[in-house]
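Take a look at the structure below.
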Amino acid sequence: MEDTRIRLTANDRFKLASPKWTQVGLLVAVSLHFGLFVLVRPFEAADLGGGANEIESINFPPEVRIPPPPEAIARPAAPRISPVDISDEITIEPTTPDRFRGGQLPPPPPEAGPRDRPSFIPFDTHPVMLNQAEVQREMEREYPRALKDAGIGGSVEMWLYVSEEGVVENFEIKTSSGNALLDEAAGRVVPTMRFTPAMNRDKVTAVWVSQWVTFQVN
């Protein structure tokens, strides 16, 4: 009986066995990789010691504008010399006091007298007012109507220069009332005052005395 079996060549046998060997190779490769991860120490990242550099902002100085150079100053013109000859014999007349004889100089200012400003003048008998009723009527007449109606009053202390005849020849405000209208009214009242003259060792003398002028609503 004739043998009908097909004989396989070596190439055919390799093709038939290759799937099995491929599976075996994959299992061996997976086993080797798993063993490497388990048995061998895992890899660690080495510290290279590098540090991050911080970025700093730099403030640039403002732009400096150089001004333009100043304009050249014009050279002054050279002075012109007069062609006229001036004689060396011309002189200026001396200004001596003799030139002003004949009343050309103004008279000297008058010296300040005792009546010009308050000053101490010795006396031992004080002046006494003689016309108080007249002065009171003058105060009523000079009292500013607006202040009187508003009930505003005040006192003014005055310096009075009382002459040897007992007349007020000069006056100044010593202590203001704080109201200009009352101060002005007091200045209009004091010229009407009359006094007995002051005495100094039995001699009549003019003196500066202080006198209050009081405006009061009755």
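Here are the numbers for this structure:
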read-out	value
Wholly enclosed helices (runs of 4 or more DSSP H) of the stretch 117-218 bearing at least 1 residues exposed (fewer than 15 other Cβ atoms within 10 Å of the Cβ), over 43 Å from the mean Cα position of the chain (by Cα) and of a type in the set (Asp, Glu)	132-142, 145-149
All positions within the stretch 141-192 that are of a type in the set (Phe, Trp, Tyr) and at positive phi	none
Filtered residue count, the stretch 124-135, keeping only those that are farther than 18 Å from Lys174 by Cβ and touching a residue at least 12 places away in the same chain (Cβ under 8 Å)	6
Test: residue in the stretch 166-174 that is over 18 Å from Thr196 (Cβ atoms) and at pLDDT below 80	no
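The values are calculated or read from the model by the stated rules, or taken from the named source; none is laboratory data. Computed from a predicted structure; not experimentally measured. FYI the Cβ positions are ideal-geometry reconstructions off the backbone, even for glycines, and counts take in every protein chain you see.
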